[in-house]
Each structure stands twice: as C-alpha cells, then as structure tokens.
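Student: Below are the structure tokens for one structure; questions will follow.
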Amino acid sequence: MKKPQKSGLPVIGITLDYEEGGGYSKMPHYALRENYCSAVSRHGAVPLPLPHDMSRVEDYVAMMDGLIITGGAFDVPPSMYGDTAVHEKVVLKDRRTRFEWEVTRRAIELKMPVLGICGGEQLLNVVLGGTLIQHIPDSITGALEHEQKNPRTEPGHDVSIIKGTLLHRIVGADSMAVNTAHHQAVDKVAPGCVVNSRTSDGVIEGIEWPGHPFCLGVQWHPEYDVTPADQKIFVAFLEAAKR
C-alpha cells in the first residue's frame, strides 16, 4: 500500500500531563484533555501530543509549526524564578516541568508560534525571565475567586483587555468573560513582555512578547470555548502557525 502524502496542515505540539500511577492506570501514564486536541483539529491543524522524552526535543520541534503549553494541577518550582521559599500549596511535577521548559525554550528560539494556557502561561513567563505569585489568596488583598466552583465550561469572572496588545487585536474587545482555575499568577513580567489582561483585583491574566512573531499566554482555558473570543485566540494562533 502506498504511503499517504503529508496533508500540508500545520502540526501543533501539545504538552502532556504525567502521573506516576493510580487513578486511570496503576502504571505511569500521560494525560491530555480531549478539548485541547479538538480545538486544534477544528481549525485546520494537526495535534501532536508530546511525551516527556528530553532526547527527542529536537525531533519534536523539527515536526512542529507551533506549540501549546497546557495547564495542570501543579506549579513551576519557585527555585526556577529565584524564590527560596516554597508555599505549602505548591505542587511540583519536576519531570513534566523540565521537559516543558526545554521544548518551550527551543520553540521560542526558533520563532515558532507559542500559546501558553493557564499553568502554561506561568511557565512561559518564567522561561522568559519573569516570576510568579505562589498563592494568590495570601498575596492579593481582596482577591477574586480564581478557582471557580462552577463548571469550567462557564465563565468564572471577566478580564479587562489592554488596548494595543496582540490579545486586544485578536478578540476585538476591551473585556471578555473567562473561566478560571488557578491559585498562582504572573508576578514580575518577563523582560520584553507586556501584560495584555487583568482582573478587577489586579491579578495579571495574560502576557505576550511583542518581539516574537506570536508568543501569547492567557491564564484561562480557551479550549473550553466559553465565548466566541476563545475561538478567536485559537484561530489567530493557528493562522500564525500556517505562515
């Protein structure tokens, strides 16, 4: 049988979560919500989940046209942004973080479009030289509820979008309703990056790097498609990956 021809569609690397064992399987396993992949496929690209094999990073980036850094119920080690103390709420996944750090660093070096989502936005900020708030309730007086109790398919709060940013050009609005599922946030923004959105309590909800062709991070989860603005984010990212 003849080998199928390549489709010519952009290939989007998507980082995976990792569990040592328990729950789904007694053995170590990777995990990825289906809606990350469907959001990529729906808009004319090929999702490529990325196992945490450090020896294959160069092979992965050679196949990719863009990178999505996903979220998860864990945190970037504070030592990676110069913090010696570790808050009791911090949960680490060293293997995953080491891999995500390296594949993100290479994607950025290659000027590949990058979209950081939730914890992926936080990692993106740290890779670029920024820092994080380790636990919002202990750092922000009068903070909003950033870990919503209602379903993630519904909004948790609004964000204000800063005019003149890439995000503002993408969504074409000064605010949007988003879901929210995080206890950390960007603190010091990485050099060269700018804030593109905030909540009413001042928490940074998105960053971007104007010096890069497409380097965008958002604290919410647009793959849930809560509002039409979420789809616009994926469309813009995938259009950049096609170029």
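The values are calculated or read from the model by the stated rules, or taken from the named source; none is laboratory data. No experiment lies behind these values; they were computed from the predicted model shown. Virtual Cβ from ideal backbone geometry, glycine too; neighbours counted across all protein chains shown. The accessibility values were calculated without ligands, DNA or RNA, using every heavy atom of the protein model including side chains. Shrake-Rupley method; radii C 1.70, N 1.55, O 1.52, S 1.80 Å.
Student: With contacts defined as alpha carbon pairs under 8 Å and 6 or more residues apart, what's the relative contact order of segment 93-243 in percent?
Tutor: Numbers: 294 pairs, mean separation 43.2, N = 151.
RCO, segment 93-243: 29 percent.
Student: Right, something else. Asp59: accessible area at probe 1.4 Å, nearest 10 Å²?
Tutor: We get 70 Å² for Asp59.
Student: Sticking with this one: Is it possible to state the helix-based mean residue ellipticity at 222 nm for the chain, with each DSSP H run of 4+ residues giving -39500 (n - 2.57), the sum divided by total residues, to the nearest 500 deg cm²/dmol? What is it?
Tutor: -8000 deg cm²/dmol
Student: Can you work out D for segment 1-69 in µm² s⁻¹ from Stokes-Einstein, where Rh is the Kirkwood radius over C-alpha pairs, the temperature is 10 °C and the viscosity is 1.306 mPa s?
Tutor: Numbers: Rh = 13.6 Å.
Diffusion coefficient, whole number: 117 µm²/s.
Student: Give the relative contact order (percent, whole number) for segment 1-92; include only Cα pairs under 8 Å separated by 6+ residues.
Tutor: 33 percent
Student: Something else about it: Ignoring solvent entirely, what values of log10 I(q)/I(0) come out of the Debye formula for segment 71-187 at 0.15, 0.17, 0.18, 0.19 Å⁻¹ when each Cα is a single scatterer?
Tutor: Scattering profile of segment 71-187, log10 relative to I(0): -0.78, -0.99, -1.10, -1.19.
Student: Now for a separate question. Hand me the GluC sites (Glu not before Pro) from segment 1-102 located in a DSSP loop with no more than 16 other Cβ atoms within 10 Å, in residue order please. Mind dumping the intermediate values first?
Tutor: Numbers: sites: Glu19, Glu20, Glu34, Glu58, Glu88, Glu100, Glu102; in loops: Glu20, Glu88.
Those that pass, being in a loop and sparsely packed, are Glu20, Glu88.
Student: What is the distance in Å between the Cα centres of segment 72-150 and segment 35-65?
Tutor: If we compute the Cα centre of each part, the gap is 20 Å.
Student: List the residue ranges in the chain for DSSP H helices whose C-alpha atoms run 15 angstrom or more along the long axis and whose Kyte-Doolittle average is 0.0 or above.
Tutor: 228-242
Student: At a 1.4 Å probe radius, carbon and sulfur cover how many percent of the accessible area of segment 133-243?
Tutor: Taking all protein chains in place, segment 133-243 shows 51 percent carbon and sulfur surface.
Student: Using a 1.4 angstrom probe, figure out how much accessible area the chain has per residue, in square angstrom, rounded to the nearest whole. Don't jump to the answer; show the numbers that get you there.
Tutor: Numbers: 11340 Å² over 243 residues.
Heavy-atom SASA per residue in the chain reads 47 Å².
Student: Considering only the chain, what is the antiparallel percent among its DSSP beta bridges, to the nearest 5?
Tutor: The antiparallel fraction comes to roughly 55 percent.
Student: Could you compute how much accessible surface Thr227 exposes when probed at 1.4 Å, giving the result in Å² to the nearest 10?
Tutor: Around 30 Å² of this residue is reachable by solvent.
Student: Heads up, I need the accessible area for Arg96: 1.4 angstrom probe, whole protein in place, Å², nearest 10.
Tutor: Result for Arg96: roughly 0 Å² accessible.
Student: Would you list, by chain and number, the lysines whose Cα falls below 29 Å from the Cα of Lys188, excluding same-chain residues fewer than 8 positions away?
Tutor: Cα-Cα hits under 29 Å: Lys89, Lys93, Lys111, Lys149, Lys163, Lys232.
Student: Next up: In terms of modelled amide H atoms, which long-range or inter-chain residues lie less than 5 Å from the amide H of Asp187?
Tutor: It is Thr131, Leu132, Ile133, by chain and number.
Student: Which whole-Hz ³J(HN,Hα) couplings does segment 161-169 yield from phi under the Karplus relation 6.51 cos²θ - 1.76 cosθ + 1.60, θ = phi - 60°, glycine and proline marked x?
Tutor: Calculated HN-Hα couplings, in order: 9, 7, 5, x, 8, 4, 4, 5, 5 Hz.
Student: Beyond 28 Å, what share of the Cα-Cα pairs of the chain is found? Please give it as a whole percent.
Tutor: On the way: 8065 of 29403 pairs.
The calculated P(r) of the chain puts 27 percent of pairs beyond 28 Å.
Student: Let me check against my output: what whole-number percent is the relative contact order of segment 54-137, with C-alpha pairs under 8 Å and at least 6 apart? All intermediate terms of the calculation are to be shown ahead of the outcome.
Tutor: Numbers: 96 pairs, mean separation 35.3, N = 84.
42 percent.
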